[in-house]
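Trainee: Please see the structure below; I have some questions.
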Amino acid sequence: MSNRFERAFQRQLDSADSWSRAQTKAIRTIPTAKKLPMIGVPVVCMIVTVVLFFLGTRTERLSSYLKTDFPDSILSEPYDWPDGADLDGIVEIDGYAVAYSEKGYFAVFRDGVLHHMLYTNGRTCGIAEDRIFIGYGGKAYLYDAEGMRVQTADLSVLRNAEKYTGREAVVSPYTYRIDRTIFRNTVVVESDGEETTLLTQRRSIRMIFYAAAVVFFVLTVVFGLIGIIKFSNASVTELKREQAGE
């Protein structure tokens, strides 16, 4: 019984060794003109995928860093709303309409116009209990519509708090609304039957980057599989030649 297992194990070793030699010969015998596309095309496609995905994520951020007096204040100078930062909700706070993105951006409206903007540097944020909140370092920092801190609490107190994700806020006589389309989101204000666009977030640029990244990822997989199949076929051919010569 022991000898049978030893012979079986030795056959496995011999088979693995033969396959390894066949692969080595296949690598050497495949012409460089064919070898480079087999390896290079999937690698290039993967690199392009990573670059496109990175560029897509960059659309969710500001082009320059804004300073605030965090944690005492998150009031910042005006900035261009990032193309990739979705408008996640709008709500009335302290007589203002506050639109926000979970990426850390806030636009505050009053009297039918943009009043000021707030910035949280991408920390966990949102609107809960009629307050702007930021979760950072296990603490919850709550702010009023002017961006001034009004309370600091343990982050756990927000877990059961109602999060606002509504698309409309009424600050009489104005109604502020988030309109969503495939290629852009906008904040519009309505008063006396007239509508005015106050803020626009373009989504098309991010979608183009992500769609292109998906396409190149699929190409990476396709060309990678083609290369593996060709290499395996070449290895099988070399193995048969080696077995035929024995």
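The values are calculated or read from the model by the stated rules, or taken from the named source; none is laboratory data. A quick note: this is a predicted structure, and the numbers were derived from the prediction, not measured. Note: ideal-geometry Cβ built from the backbone for every residue, glycine included; neighbour counts use all protein chains shown. Remember, those area values only see protein heavy atoms, side chains included, never the ligands or the DNA or RNA. Shrake-Rupley method; radii C 1.70, N 1.55, O 1.52, S 1.80 Å.
Trainee: FRET efficiency for ALA153 and ARG202, Cβ-Cβ distance as r, R0 = 51 Å, nearest 0.05? Before the final figure, lay out each step's value.
Mentor: On the way: r = 36 Å, r/R0 = 0.71.
Efficiency, from the Cβ-Cβ distance: 0.90.
Trainee: Once R0 is set to 45 Å, what does the formula 1/(1 + (r/R0)^6) return for the Cβ-Cβ distance between ASP179 and SER232, expressed as a FRET efficiency to the nearest 0.05? Walk me through the numbers before you get to the answer.
Mentor: On the way: r = 54 Å, r/R0 = 1.19.
Efficiency, rounded to the nearest 0.05: 0.25.
Trainee: Find the centroid of the Cα atoms in the range 70-117 and in the range 159-198, then give the distance between the two in whole Å.
Mentor: 12
Trainee: Something else about it: Measure off, as a whole percent, the carbon and sulfur share of the 1.4 Å-probe accessible area of the range 34-123, all protein chains present.
Mentor: On the way: 2550 of 4360 Å².
Using a 1.4 Å probe with all protein chains present, the range 34-123 comes out at 59 percent carbon and sulfur.
Trainee: Over the alpha-carbon set of the range 133-176, work out the extent along each principal axis and list the three values in angstrom, largest first.
Mentor: In descending order, the Cα extents are 38, 22, 12 Å.
Trainee: Let me ask you something else. Can you give me the P(r) profile for the range 98-221? Cα pairs, bins 10 angstrom wide beginning at 0, each as a whole percent.
Mentor: The calculated distribution, bin by bin, is 12, 35, 29, 18, 6, 1.
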